[in-house]
Amino acid sequence: MFCLSKDVALRTSIKALNYFLRAAELGSISKAGEELNVVPSAISNAIDLVESDFQLQLVQRYPAKGIRPTAAGLAIMRKVRRLIEEYDTVFLEGTELRTALSGSITIGYYAPVAPAFLPAIVAPLVREHPGIKVNLLESDNESVQAGLLNGEYDVILFVAENVHSGIKCHPLIDAPPYVLVSHDNALCGREFVTRVDLKGEPMVLLDLPMTNQYYRELAGDADRLANVVATVSTHEMVRSLVGAGVGYSILNMRPAAATTYAGDRVMAIPFRPETRPLKLVLGHAGGNPRRLVQAFTDATRQYFSTRSANALVVQ
């Protein structure tokens, strides 16, 4: 069976192969030029190039009578015809992939309270378009950015700290810090809490690569650091330890429920003085995104303009 070599496939363009194929099918260089809207010399040069690359005579030229494919030319024509059909199919499927609201979307996120808002964004898309499959992958702030640039994710949600070059960002919400205490804590019910109020108090720290130093500095003197009695890597475990009376914590976004997994009640109190909030953003790699990616982006930005999104932060 005759196969195109890798070197030939790389040297010979699809355009040259198509020019050769149409001329051989029509038996005329001039007719192929008229059909493809190019000068006959472009068709003739393409045939010469294809023959040179294959090192085969693919057509017989008859002055004033056109051309006729050789036996080798007929074999190559069958392969080229199939190749061009596959090439057209790839572009057609690529266009459908970009424009169709279907297929799979992979979303990476660093947002500890993502379960409080991502379902509200994803659910309508899945309900209205049954062909959609959503993959949600949680990671840290650096890894989701690297994953986007490496092609692991179609879109990411993350905190706008040390944003990697090449990521196009859409701001979603500014989340100022707040103090989380148990329902029976002495601070409960205050209008706001200051750093002085927290001095010496036991702290439950959300210990993640980006947030560790941020929360420590908010809680107390950066040299002495806060009185951290527990470090935790998940948002809900922080809430559960606070609810159990282990200590207070400082966080930036909150779920709708004021109870923990264990059923304890917790309260979010504004932190004063006002300080730098964490900014949640949506990121993608730029360019012309697939329709599904654009639909998710639009739905996310729309959600964060609603009252439900405003309830995620403590003003």
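If you split all Cα-Cα distances of region 177-272 into 5 Å bins from zero, what percentages do you get per bin, shortest first?
Taking every Cα pair in region 177-272, the percentages come to 3, 15, 28, 29, 18, 7, 1, 0.
Ranked from highest to lowest mean number of other Cβ atoms within 10 Å per residue, what is the order of the peptides 75-82, 289-296, 175-182?
Final packing ranking: 175-182, 289-296, 75-82.
Say the dipole of the chain comes from +1 at the beta carbon of Lys and Arg and -1 at that of Asp and Glu; which of 268, 102, 295 then lies farthest toward its positive end?
102
Taking the highest mean first, how do the peptides 53-62, 26-35 order by number of other beta carbon atoms within 10 angstrom per residue?
Order by mean packing, descending: 26-35, 53-62.
For region 6-99, compute the number of Lys pairs whose alpha carbons are separated by less than 23 Å, excluding pairs fewer than 8 positions apart on the same chain.
Final tally of qualifying lysine pairs is 6.
Using amide H atoms built 1.01 Å from N in the peptide plane, name the residues 5+ places from residue 228, or on other chains, whose amide H lies under 5 Å from its own.
Hits under the 5 Å cutoff: 203.
Within region 26-53, find all residues whose amide N lies under 16 Å from a label point positioned 7 Å from the Cα of residue 91 along Cα-to-beta-carbon.
The answer is 36-38.
What do you get for Rg/Rh of region 214-315 when both radii come from the Cα atoms and Rh is the Kirkwood radius?
Answer for region 214-315: 1.05.
Would you be so kind as to identify which of 187, 227, 172 lies farthest towards the positive end of the dipole of the chain, taking Lys and Arg as +1 and Asp and Glu as -1 on Cβ and the Cα centre as origin?
Looking along the dipole axis, the top candidate is 172.
List the residues, sorted by chain then number, that are 5 or more residues from residue 103 or on another chain and whose placed amide H is less than 5 Å from its amide H.
132, 133
For Kirkwood radius over Cα pairs in Å, several values are listed as [x] 24.3; [y] 20.9; [z] 19.9; flag the one computed from this structure.
[x]
Indicate the helices, whole DSSP H runs only, in the chain that combine a mean Kyte-Doolittle hydropathy of -1.0 or more with a Cα extent along their long axis of 20 angstrom or more.
40-54, 71-99
Taking θ as phi - 60°, what are the ³J(HN,Hα) couplings along region 199-208 by the Karplus curve (6.51, -1.76, 1.60), each to the nearest whole Hz, with x for Gly and Pro?
Karplus-based 3J(HN,Hα) across region 199-208 equals 4, x, 6, x, 10, 9, 9, 6, 9, 10 Hz.
Which FRET efficiency value, to the nearest 0.05, do you get for residue 311 and residue 165 by plugging their Cβ-Cβ distance into 1/(1 + (r/R0)^6) with R0 = 30 Å?
For R0 = 30 Å, the calculated efficiency reads 0.30.
Among 239-248, 118-127, how do they line up from the highest to the lowest mean number of other beta-carbon atoms within 10 Å?
Descending mean neighbour count gives 239-248, 118-127.
Write down the radius of gyration of region 6-99 and its Dmax, each obtained from C-alpha positions, in Å.
Expressed in Å, the Cα Rg and Dmax of region 6-99 come to 14.0, 49.
Can you give the net charge of the other residues whose Cβ lies under 12 Å from the Cβ of residue 253, counting K and R as +1 and D and E as -1?
+2
Given the -39500 (n - 2.57) contribution per DSSP H run of 4+ residues, what per-residue ellipticity at 222 nm results for the chain, rounded to the nearest 500 deg cm²/dmol?
Counting only the DSSP helices, I get -12500 deg cm²/dmol.
None of the figures in this text is laboratory data; all of them are computed from the coordinates on show. Keep in mind it's a predicted model, so treat the numbers as computed, not measured. All Cβ positions, glycine included, derive from the backbone under ideal geometry; neighbour counts span all protein chains shown.
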